[in-house]
1. Suppose we filter 29, 19, 44 for residues that are among the basic types (Lys, Arg), in contact (Cβ under 8 Å) with a residue 40 or more places away in the chain and in contact with a Leu (Cβ under 8 Å, 6 or more places away or on another chain); which single one remains?
2. Kindly provide the set of residues from the range 59-68 that are surrounded by fewer than 12 Cβ atoms within 10 Å (Cβ to Cβ) and on the phi < 0 side of the Ramachandran plot, ordered by number.
3. So in the range 66-113, with the set limited to residues that are basic (Lys, Arg) and either out of contact with any strand residue (DSSP E or B) (no Cβ under 7 Å at 6 or more places or on another chain) or not in a loop (DSSP other than H, G, I, E, B) (or both), which one is nearest to residue 24 (Cα to Cα)?
4. Which one of 87, 71 is exposed (fewer than 13 other Cβ atoms within 10 Å of the Cβ), touching a residue at least 12 places away in the same chain (Cβ under 8 Å) and not β-branched (Val, Ile, Thr)?
5. Return the total of residues in the range 8-40 being of a type outside the set (Phe, Trp, Tyr), at pLDDT 95 or above, open to solvent by 90 Å² or more (accessible area, probe 1.4 Å) and part of a loop (DSSP other than H, G, I, E, B).
6. Among the residues of the range 41-56, count how many are closer than 18 Å to residue 2 by Cβ and either at pLDDT below 95 or in a loop (DSSP other than H, G, I, E, B) (or both).
7. Can you name the number of the only condition in (1) farther than 13 Å from residue 20 by Cβ; (2) out of contact with any Pro (no Cβ under 8 Å at 6 or more places or on another chain); (3) surrounded by fewer than 15 Cβ atoms within 10 Å (Cβ to Cβ) that residue 49 fails?
Amino acid sequence: QVQLVESGGGLVQSGGSLRLSCAVSASIRFVVMGWYRQAPGKQRELVATMTAGGITNYGDSVKGRFTISRDNAKNTVYLQMNNLRPDDTAVYYCNARGTAGDWGQGTQVTVSS
């Protein structure tokens, strides 16, 4: 079974930055990867995805602030988050192969005002 392990979450002030990492136990070279988040009392929502060919898609609320990237040699996906806002507070999940695929355990991101 493929394992995804997120890291890099934490507490940051509004306007700050964080970089999340997701280490995958199998090759991601041909796999669509993504980040999703879930805030308390809300449904899980798309943050960003990146196809194997490098095509990206972002949720409307993070466009222009977040950047997804991948290092296939390291089987790792990143999410650079800039200009963070309190409404970005959520558990962030790494995903492989779409929403019916594999998920990490999540990492908490808390943005204080």
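The values are calculated or read from the model by the stated rules, or taken from the named source; none is laboratory data. Values in this document were obtained by computation on a predicted structure and should not be read as measured data. All Cβ positions, even for glycine, are placed from backbone atoms using ideal geometry, and neighbour counts span all protein chains on display. Ligands, DNA and RNA are stripped out before the accessible areas are found, and what is left, the full protein with its side chains, is counted by its heavy atoms. Shrake-Rupley method; radii C 1.70, N 1.55, O 1.52, S 1.80 Å.
1. Every option except 19 fails the conditions.
2. The initial filter retains those residues of the range 59-68 that are surrounded by fewer than 12 Cβ atoms within 10 Å (Cβ to Cβ), namely 60, 63-64.
Matches in the range 59-68: 60, 63.
3. Taking the range 66-113 and keeping what is basic (Lys, Arg), we get 70, 74, 85, 97.
The next check asks that each one be either out of contact with any strand residue (DSSP E or B) (no Cβ under 7 Å at 6 or more places or on another chain) or not in a loop (DSSP other than H, G, I, E, B) (or both); those that pass are 70, 74, 97.
On the way: 70: 11, 74: 8, 97: 12 Å.
In this case the residue turns out to be 74.
4. Numbers: 71 fails: touching a residue at least 12 places away in the same chain (Cβ under 8 Å).
The conditions single out 87.
5. Start the filter on the range 8-40 by keeping residues that are of a type outside the set (Phe, Trp, Tyr), which leaves 8-29, 31-34, 37-40.
Applying the additional criterion that residues be at pLDDT 95 or above yields 8-29, 31-34, 37-39.
Then drop every residue that is not open to solvent by 90 Å² or more (accessible area, probe 1.4 Å), which leaves 11, 13, 19, 29.
The next check asks that each one be part of a loop (DSSP other than H, G, I, E, B); those that pass are 29.
The total comes to 1.
6. As a first pass, look at the range 41-56 and keep what is closer than 18 Å to residue 2 by Cβ: 49-52.
Now narrow it down to the ones that are either at pLDDT below 95 or in a loop (DSSP other than H, G, I, E, B) (or both): 51-52.
Number satisfying all stated conditions: 2.
7. For residue 49, the exception is condition (3).
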